[in-house]
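Quick notes on the structure that follows.
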Amino acid sequence: MLSPSTPLRDDYRGRDPRADGRSAYALAAADDGAWQEAAELYQQAIDLAPDWTAAWMGLGGARGALGETAAAMLAYRHALLLDPADLHGASMRLAVLDPTVVPLFASPAYVGALFDAYAPRFEAHLTQGLSYHSPADLVAAMAEVGLWHFAHAIDLGCGTGLGGVALRPSTEALTGVDLSSEMVATARKKAIYDRLAVGDICAFLGAEPVASADLVFAADVFVYVGDLAAILTETARVLRPGGTMAFSAQRCAVGIAVGTDMRFAHAISYVDAVLETCGFAPLVLRAQSGRRENDGDVPGLIAVATRL
């Protein structure tokens, strides 16, 4: 996970070399936990390069680490003004500081860039470092209710293909889609998908034919989606009557929340309600962790639902 002071990408072009030096010193200070020094250095860089989005993000992180919430939020809001596409995930960091302001989803620019950078170490980190097993959990949950064969499955947020590996034995035709071109390139090398696409998952579903899939599968994808109504509505349109939606998510106590890990969590009661609203009947809906972090199970949930 990024530290609170680390910009996702250095996006300033043609800056004053003095600003560059101050930013480099700020990063080093943050790495040492010298947050006051980091904040002062980021402010000096901004004074020299006021349109440098990454420096504003770094300043927000440093102010937040110092407990200066209002100043941190001001910095993140300024970063959003400079970069409405939100490459650095400022909207998510704002939601961590103010739980009453939760975005509908993490920006596609942020998620795509994050996973492009993450792709080379993604699988090793998840499977070895985090003991990740959500795809296998979802396949097992579907088998519990007698679902083990699908004519056409769509793997949303397919990443490098961990879900595809779990689904391939039970699927005649398998489609994968992900925002990250680097992740899709890795998945393509495995030769397990019949079709792969790079793009926003909701937009992808919106372009698919009506009633063209038997299963829509999303393993830990909704950690980057807040309000699930839009994507579940598109899923219901793409699924045949009686088709299956299976997904895992992180879990919170009430509603929707953004955690300090910069991921969305959903309450089981919220998931139950939004599934019903969007035309699904839950077959499996329970608390179940799909990975470990910081020597503990990350609170999670799994859902298997049928399209009415």
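The values are calculated or read from the model by the stated rules, or taken from the named source; none is laboratory data. What you see is a predicted model; the values in this text were computed from it and never measured. Positions of Cβ are backbone-derived with ideal geometry, glycine not excepted, and every protein chain shown enters the neighbour counts.
For this structure, a couple of remarks:
- Near pairs, Cβ below 8 angstrom, 6+ apart or cross-chain, from the stretch 186-197 (without any contact (Cβ under 8 Å) to a residue 60 or more places away in the chain) to any residue that is hydroxyl-bearing (Ser, Thr, Tyr): 187/160; 187/193; 190/160; 193/175; 194/175; 195/175; 196/175; 197/175
- Top-ranked residue in the stretch 244-268 [being surrounded by fewer than 20 Cβ atoms within 10 Å (Cβ to Cβ) and touching a Cys at 6+ places or on another chain (Cβ under 8 Å); ranked as nearest to residue 147 (Cα to Cα)]: 267
- Among the residues making up the stretch 57-85, those that are charged (D, E, K, R) and modelled with pLDDT of 95 or more are 63, 68, 77.
- Filter result for the condition that a residue is in contact (Cβ under 8 Å) with a residue 40 or more places away in the chain, out of contact with any Cys (no Cβ under 7 Å at 6 or more places or on another chain) and buried (at least 20 other Cβ atoms within 10 Å of the Cβ), over 284, 271: 271
- Here is the figure for the stretch 86-112: residues that are assigned to a helix (DSSP H, G or I) and farther than 23 Å from residue 291 by Cα total 7.
- Residue check, residue 301 of a type outside the set (D, E, K, R), surrounded by 21 or more Cβ atoms within 10 Å (Cβ to Cβ) and under 19 Å from residue 178 (Cβ atoms): no
- Within the set 80, 74, the sole residue that is closer than 25 Å to residue 266 by Cβ and assigned to a helix (DSSP H, G or I) turns out to be 80.
- Helices (runs of 4 or more DSSP H) contained entirely in the stretch 155-271, each with at least 3 residues that are farther than 18 Å from residue 133 by Cα: 181-190, 201-207, 229-238
- Restricting the stretch 106-131 to residues that are surrounded by 20 or more Cβ atoms within 10 Å (Cβ to Cβ) and touching a strand residue (DSSP E or B) at 6+ places or on another chain (Cβ under 8 Å) leaves a set whose member that is modelled with the lowest pLDDT is 115.
- Answer residue from the stretch 289-298, given it is crowded, with 18+ Cβ neighbours inside 10 Å and of a type outside the set (Gly, Ala, Ser) and is modelled with the highest pLDDT among those: 298
- The stretch 105-133, residues that are farther than 14 Å from residue 181 by Cα and either of a type in the set (D, E, K, R) or not assigned by TED's automatic domain parsing to the domain that holds residue 203 (or both): 105, 106, 107, 121, 123
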